[in-house]
Amino acid sequence: MSRMKNLKHLFLTLPLIATLGGCMTISGVVRDKPTGNPISSASVTINNVSATTNAMGAYSVTGPFIPQHVIFVNAPGYNIYTKSVGRDQIHDIELTPRQ
């Protein structure tokens, strides 16, 4: 009986482990909303995994992300940007300057 219970538990948890175990890469470009210019050195964080944009505003973050995780983007002089990851792997982001 105990062996059957263990097998049932295993079959119920395997899909969850498979989902959480996979890595996903989220990438894109961070730009200034009014001008469209790329923003370098912006911090992009998803589920405690961070990257910094390069001179062209590009970033790439790889980790075990799920659609409910949130992207946080922060750059000096701009409002903080947040959005759910969703199912998209490319997130081009426009930041609004602080007033």
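Just so you know, all these numbers are worked out from the coordinates, no wet-lab data involved. Since the model is a prediction, treat every value here as computed from it, not as a measurement.
What whole-number value in cubic angstrom gives the convex hull volume per residue for the C-alpha atoms of the range 44-95?
78
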Using the Karplus curve 6.51 cos²θ - 1.76 cosθ + 1.60 with θ = phi - 60°, what ³J(HN,Hα) values do you get for each residue of the range 34-45, in whole Hz, with x for Gly and Pro? x, 9, x, 6, x, 10, 8, 6, 6, 9, 10, 10
Which whole-Hz ³J(HN,Hα) couplings does the range 63-71 yield from phi under the Karplus relation 6.51 cos²θ - 1.76 cosθ + 1.60, θ = phi - 60°, glycine and proline marked x? x, x, 8, 10, x, 7, 5, 10, 8
Grab the Cα-Cα distance for Ile90 and Ile66, subtract it from 0.36 nm times how many residues apart they are, and report the gain in nm with one decimal. 7.2 nm
